[in-house]
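Working notes for the structure below.
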Amino acid sequence: MNTRHLLDPELAMIFDQLQVSTVSLATLAVTRQQIAQQTALINAAAPAFPHLQVSQHHVQGPAGAPDVRLLLYRPLAATAPLAALLWIHGGGYVAGSPDWDDQYIKGLATELGCCIASVDYRLAPETPFPGPVEDCYAALQWLHGEATKLGVDAARIGIAGLSAGGGLCAALGLLARDRGKIKLCFQAPLQPMLDDRAATAAYEHPFAGEFIWKKAHNEFGWSAMLGHEPGLDGVSPYAAAARADDLSGLPPTYIAVGAIDLFVEEDIDYARRLMRAGVSTELHVYPGACHGFNLLAPEAQVSKAYRRDLIAALRRGLGIEPAQATSQPALMQQLATMLPGIPTQDLGRFARSLSVTEPYGLGAGSLHQDGVPRGKLTVGRCAPGGIYPGVAHDYQVYVPQQYDGSQPAMLMVFQDGARYLGPELNAVCVLDQLIATGAIAPTVAVFVQPGEQGPGLPIYGGSDNRSVEYDSLGDAYARFLLDELLPVATQGLNISDDPAQRAICGLSSGGICAFNVAWERPDAFGLVVSHCGSFVNIRGGHQLASHVRQAPKKSLRVFLQTGENDLNIVFGDWLNANHELASAMTYKGYEHQLVVGQGGHSLAHGGAIFPDTMRWLWSKKKP
């Protein structure tokens, strides 16, 4: 067989340099050891996924069998019940582990924003059928039974797997249907190993199976799984799903396979039979693709198409909203009304960044917990003063229950205070818990609203004073806080005057404002938190990065957060601007962090990580 001419050109360049060894009982131990070593090296060098929680569980196995190990991947900040996917690794039924797929699963969990459980089923030939599929069922049963505790929507649990894992996925779908205890919402057997009869001498395909997984591999894998040679009568459909007589009642199914994969015909036939059984079925056959092509050459165009199609199918099957919504007419109309001068090009860009569906939510550290002492909020209004004549400012002051005035309290000032008090961040709940646990000392917080009347934004227009106050460089807003608002808001409170005990925080224009106040008055504020900070040329803020590089170093500790889908409009590119400021701070030796999420111009990511941000911010007495 010579099918290299059918191989996708981008894949061919990889396979010209690839050597595939034969797998047999004699070489299996060495093969497994090599896979384990490669897995350890890859995972050690791989990037971190700090927004994911990865935990190991050992769940009750089949009767008389050992517990089943699985790795659970869950977005840290998620609060609403998530869709969940049980993932089954490949390896010809004889090799592999959840650790093998670790980076791949982290990528899926991140892109989908769902929970994924990756099962470590027992391998053949030591554990032939039914052990592997029963282990998978045990993992599925645990995921379904513990759904509430895990924050999983039990009605949105699907299964998926690759290669042998795809075969087990299809078998598990049949097993779950027939046992009738767990209703799956979706299944995705990918490049699945479905039919042992394709491993017999009677089966030949003239143009499939030359690369990666060959007929000799297939015969060994099936023999190990079945405990006897493949193709005999009486093989259970829970071992080889293609043996099932009845495919009706299975969940919606997505199957993807390469056109020169050894499994292409059995996969196409399984999809055909699913359709004839009335099962909603989507089949993708990728030209020029062999078995495992997407893992061996992930940057090839055919691999990118495979991943794009898979992500879309998983979103539909699991009921997950797309990561980014299109611009909504209602939002665009609202922006056009609020900002009458906004250019048409910016209107769409602004709307897209604001309408990103964020893969983040508040965790337990941002929600009220019984038994945690609650601080008190009081409302105030700062009358117009000399710095912003005719402009009043509303504010609220938080005082923790633990404050008794005997010791100076730490201070934190929030711009756009109502946003930080709202459900996007729940600042009061965060402060209550951090103070109660001793993570931070008692802290008084002042939540300040910008002035309601003013000229709005340059170019865009508007009617408030926010841009004048927040986007302008210089010390005007710092003087307003220190000379006019804070003396009134904190009257009668014992507040530390140590800048290392005083923080300032803000979102968007409030983020650059927070940094600028500390920059102008490092004697008053030594700690800064900026969410999606507008370090762009609205009113000259793009100059701050140069100021940081050229001015003498100041005593500041700074936390910056932005998103991959943050604004990119006439005033500048928010993501690049935050990177530029962080680069300047690195150059100058400032202690700082820059955290970039997947979201847009919002407080969703900043809110999700706010408890950890606060721990970092206050982790040292002095910046």
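The values are calculated or read from the model by the stated rules, or taken from the named source; none is laboratory data. Given the structure is predicted, the values throughout are model-derived calculations rather than measurements. All Cβ positions, glycine included, derive from the backbone under ideal geometry; neighbour counts span all protein chains shown. Please note that ligands, DNA and RNA were not included when accessible areas were found on the heavy atoms of the full protein model with its side chains. Shrake-Rupley method; radii C 1.70, N 1.55, O 1.52, S 1.80 Å.
If we keep just the residues of the stretch 524-583 that are among the hydroxyl-bearing types (Ser, Thr, Tyr) and part of a helix (DSSP H, G or I), which is farthest from the chain's Cα centre (by Cα)?
Ser546
Between Ala216, Ala199, Ala224, which is closer than 21 Å to Gly90 by Cα and in contact with a helix residue (DSSP H, G or I) (Cβ under 7 Å, 6 or more places away or on another chain)?
So the residue among Ala216, Ala199, Ala224 that is closer than 21 Å to Gly90 by Cα and in contact with a helix residue (DSSP H, G or I) (Cβ under 7 Å, 6 or more places away or on another chain) is Ala199.
For the stretch 545-572, give me the residue count where each residue is modelled with pLDDT of 95 or more and charged (D, E, K, R).
Total meeting the criteria: 4.
Taking Gln369, is it in a helix (DSSP H, G or I), of a type outside the set (D, E, K, R) and within 30 Å of Pro75 (Cβ to Cβ)? Walk me through how you get there before you give the answer.
Details: in a helix (DSSP H, G or I): no; of a type outside the set (D, E, K, R): yes; within 30 Å of Pro75 (Cβ to Cβ): yes.
No: the conditions fail for Gln369.
Could you check the stretch 173-214 and list, in sequence order, the residues that are touching a His at 6+ places or on another chain (Cβ under 7 Å), aliphatic (A, V, I, L, M) and open to solvent by less than 10 Å² (accessible area, probe 1.4 Å)?
Once the filter is applied, which keeps residues that are touching a His at 6+ places or on another chain (Cβ under 7 Å), aliphatic (A, V, I, L, M) and open to solvent by less than 10 Å² (accessible area, probe 1.4 Å), the stretch 173-214 yields nothing.
Select from the stretch 468-495 the residues that are open to solvent by less than 40 Å² (accessible area, probe 1.4 Å), in contact with a helix residue (DSSP H, G or I) (Cβ under 6 Å, 6 or more places away or on another chain) and over 14 Å from Pro389 (Cα atoms) and list them in ascending order.
Those that are open to solvent by less than 40 Å² (accessible area, probe 1.4 Å), in contact with a helix residue (DSSP H, G or I) (Cβ under 6 Å, 6 or more places away or on another chain) and over 14 Å from Pro389 (Cα atoms): Tyr470, Asp471, Ala478.
Specify the residue that is most open to solvent (accessible area, probe 1.4 Å); the eligible residues are those in the stretch 561-613 that are without any contact (Cβ under 8 Å) to a residue 24 or more places away in the chain and touching a Ser or Thr at 6+ places or on another chain (Cβ under 9 Å).
Among them, the one singled out is His579.
Yes or no, residue by residue, for (1) hydrophobic (A, V, I, L, M, F, W, C); (2) in contact with a helix residue (DSSP H, G or I) (Cβ under 8 Å, 6 or more places away or on another chain); (3) outside any loop (DSSP other than H, G, I, E, B); (4) under 23 Å from Leu362 (Cβ atoms):
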| residue | (1), (2), (3), (4) |
| --- | --- |
| Tyr388 | no, yes, no, no |
| Tyr403 | no, no, no, no |
| Ser406 | no, no, no, no |
| Val413 | yes, yes, yes, yes |
| Glu424 | no, yes, no, yes |
| Val428 | yes, yes, yes, yes |
| Asp432 | no, no, yes, yes |
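Which one of these does Thr378 not meet: (1) closer than 20 Å to Asn426 by Cα; (2) surrounded by fewer than 21 Cβ atoms within 10 Å (Cβ to Cβ); (3) under 23 Å from the mean Cα position of the chain (by Cα)?
(3)
It is to be established whether one or more residues within the stretch 232-239 are in a loop (DSSP other than H, G, I, E, B), over 38 Å from the mean Cα position of the chain (by Cα) and crowded, with 20+ Cβ neighbours inside 10 Å.
yes
Restricting the search to the stretch 390-407, which residues are within 17 Å of Pro373 (Cα to Cα), β-branched (Val, Ile, Thr) and open to solvent by less than 20 Å² (accessible area, probe 1.4 Å)?
Within the stretch 390-407, Val397 is the sole residue that qualifies.
Please enumerate the residues belonging to the stretch 425-467 that are closer than 20 Å to Phe525 by Cβ, open to solvent by 30 Å² or more (accessible area, probe 1.4 Å) and aliphatic (A, V, I, L, M).
Result: Ala441, single match.
Cβ-Cβ below 7 Å, separation at least six or inter-chain, first residue in the stretch 244-257 and more than 20 Å from Gly288 (Cα to Cα) and touching a residue at least 60 places away in the same chain (Cβ under 8 Å), second among the hydroxyl-bearing types (Ser, Thr, Tyr) and surrounded by 19 or more Cβ atoms within 10 Å (Cβ to Cβ): which pairs?
As it stands, the answer is Thr253/Thr281, since those pairs meet every condition given.
Out of the stretch 5-21, which residues are open to solvent by less than 90 Å² (accessible area, probe 1.4 Å) and modelled with pLDDT of 70 or more?
Once the filter is applied, which keeps residues that are open to solvent by less than 90 Å² (accessible area, probe 1.4 Å) and modelled with pLDDT of 70 or more, the stretch 5-21 yields Leu6, Leu7, Asp8, Glu10, Leu11, Ala12, Ile14, Phe15.
Looking at (1) at pLDDT 95 or above; (2) surrounded by 18 or more Cβ atoms within 10 Å (Cβ to Cβ); (3) in contact with a strand residue (DSSP E or B) (Cβ under 9 Å, 6 or more places away or on another chain); (4) of a type outside the set (Val, Ile, Thr), which one does Asn294 not meet, given that it meets all the others?
With (1) at pLDDT 95 or above; (2) surrounded by 18 or more Cβ atoms within 10 Å (Cβ to Cβ); (3) in contact with a strand residue (DSSP E or B) (Cβ under 9 Å, 6 or more places away or on another chain); (4) of a type outside the set (Val, Ile, Thr) applied to Asn294, the lone miss is (1).
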